[in-house]
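Nothing in this text is a laboratory measurement; each read-out follows from the coordinates by a stated rule. It should be emphasised that the depicted structure is a prediction, and the values quoted were computed from it without experimental measurement. No Cβ is skipped: glycine too gets one built from the backbone with ideal geometry, and neighbour counts run over all protein chains shown.
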Amino acid sequence: MIKRLLFVLVCLALAASAHGELIDPVVDDNELTATVEVGGLEAELTVRFEKVVGLTPSSLGVSVHLIDPLAPEILGRLPGGSLDSLSLTGDLVTVPAGFPVLIRIDPPSDSGLTFEGVVEVEIYTQTLDYQSDTSLRQFKAPTGTGTFHDVTDEVSPGSIRTRSGGGHWSDFMIVRDLRAPADVVDEKFDRLGDLLVTHAGQIDAAVYTGLAGLYVDAADAWAAGDVALADSLLAQFIADTDTAAAQGDVPNVWRSARDLDNVDGELRGAARTLRFSLAQTQS
């Protein structure tokens, strides 16, 4: 009931918000770039695939929405948010007033879009300023409902360019995250572990044992304070997952019918953003 209420509230909020559009979209091999504009705010959106079939501007189903950063239906989807309050616990995760934009990528089920492995989503905007210690991050959530979580694997200047990788589609926002980096790492370890357990039955048994061992060893290294070892083990986790997917031992295909789980893309995306956050604990 609560999830249904949240979904209805989000739909109503987006219906009432300003809607943007893709401007001058260009498809070049496995990549789409376009300007997104809404309410006078602009960003450059890049969606980059390892391998894709059926990529067109319409097949991605991109919509852009100007949102109210203090709307309960938005706060309720951020970490620590609540439908009962107009503030966040400690105001640690907020939507920046300079770029209150939600980008939804939701390919139509009949679009024929199919891709393998990791899909990268890059959002570049000159509306927000870059600083070396920036707390701006790219967050995503299941389309239309669910809690947003940090998926950032790169933040770079120009003014702000954020990138993430994953295996399926979502709602995307740039947010300001003031949580302690160590807390974010703990959360991301939990998420990666949950993904492994959820998809265990779809992964070759020997491959699963190897990946689970790397995960446990990385988590133990993090708990012991050895960030370099944890990072190295996660890099091996990513490489082994990629190799296993190429051999058919880890499912790696997403298609618009939504009848397959892109386990490879999800696992590698989760490990990549975890490595990003590990690095933040050392800065």
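A few comments on the model shown:
- Fully extended contour minus Cα-Cα distance, from Leu229 to Asp68, at 0.36 nm per residue: 53.8 nm
- log₁₀ of I(q)/I(0) at q = 0.07, 0.08, 0.09, 0.11 Å⁻¹ - the chain, Debye sum with one point per alpha carbon: -0.25, -0.33, -0.42, -0.64
- Theoretical gain in end-to-end length, Val27 to Asp194 [0.36 nm per residue, Cα-Cα removed]: 56.7 nm
- Computed from the C-beta positions of Ala182 and Thr46 and an R0 of 25 Å, the FRET efficiency is 0.25 to the nearest 0.05.
- Helical runs assigned H by DSSP (4 residues or longer) give the chain a calculated mean residue ellipticity at 222 nm of -11000 deg cm²/dmol, each run adding -39500 (n - 2.57) before division by the residue total.
- Neighbour counting of Cβ atoms within 10 Å sorts the residues Val118, Val47, fewest neighbours leading, into Val47, Val118.
- Label point distance in nm, Asp133-Arg258, each placed 7 Å from Cα along Cα→Cβ: 4.3
- Region 101-183, dipole about Cα centre (Lys/Arg Cβ +1, Asp/Glu Cβ -1), debye to the nearest 20: 200
- For region 182-280, the Kirkwood estimate of hydrodynamic radius, built from reciprocal distances between every pair of different alpha carbons, is 13.5 Å.
- As a rough footprinting exposure proxy, the listed residues Thr127, Thr94, Thr273 were ranked by other beta carbons within 10 Å of their own, and the order from fewest upward is Thr127, Thr94, Thr273.
- Across the alpha-carbon atoms of region 70-177, the computed radius of gyration and Dmax are 14.4, 44 angstrom.
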